[in-house]
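FYI, it's all coordinate maths here, none of it is from the lab. Note that this is a predicted model, so its numbers are computed, not measured. With ideal geometry, Cβ positions are generated from the backbone for all residues, glycine too; neighbour counts draw on all protein chains shown.
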Amino acid sequence: MASRGASETSKLRQNMEEQLDRLMQQLQDLEECREELEEEEYEETKKETLEQLSEFNESLKKLMSGNMTLVDELGGMQLAIQAAISQAFKTPEVIRLFAKKQPGQLRTRLAEMDRDVMVGKLPRDVYTQQKVEILTALRKLGEKLTTEDEAFLAANASATLSHFEKVTASLGKMQSS
């Protein structure tokens with residue numbers, strides 16, 4: 001009897017994760033194909049995808065208010081969606097790893113970026129932006145950052161990321177009360 005609804009909850013969570021993955025992949029594909037698209041087409045497609053993310057976020061809010069067994073899993077997805085909507089994170093891959101609570105993969109991505117910037121494969125400005133996103137995501141996942149990483153974050157964090165930090169902190173307080 002204790003497992004009543006467990007399979008349904010699992011299936012719902014899987015469907016939600018697949019929907020989030022699809023939207024994040026859509027954003028990533030859009031960024032990768034940006035050069036091939038007209039500016040107007042790019043902006044319109046991005047706007048539509050962000051609207052879909054907003055609708056998905058609203059669905060998550062409704063589920064979270066009515067189904068307590070999904071609150072933890074959906075909370076992470078909602079934070080990732082809010083990050084995408086607020087455009088705090090510009091890298092869909094970072095958003096996806098954050099939503100799935102995968103700090104190990106975020107750290108692996110950071111190590112790959114460190115290597116790529118050293119060999120000139122990754123421009124310094126892109127490196128800085130993505131490193132800030134990854135470090136912010138790691139911090140939000142409760143990971144301990146090195147003093148060097150904290151200093152990098154303090155020196156390079158944008159106003160958008162700072163706003164995201166404040167919003168997620170206030171959300172955390174609301175959910176824990």
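Quick notes on this one:
- Across Lys11/Lys121; Lys11/Lys46; Lys47/Lys144; Lys11/Lys131; Lys101/Lys121, pairs whose alpha-carbon gap is larger than 31 Å: Lys11/Lys121; Lys47/Lys144; Lys11/Lys131
- Sorting 127-138, 27-38 by average packing, meaning the other beta carbons within 10 Å per residue, from highest down gives 127-138, 27-38.
- Here the label points at Gln28 and Ala155, each 7 Å from Cα along the C-beta direction, are separated by 3.0 nm in the simple model.
- Taking other residues whose beta carbon is less than 12 angstrom from the beta carbon of Leu138, and scoring Lys, Arg as +1 and Asp, Glu as -1, yields +3.
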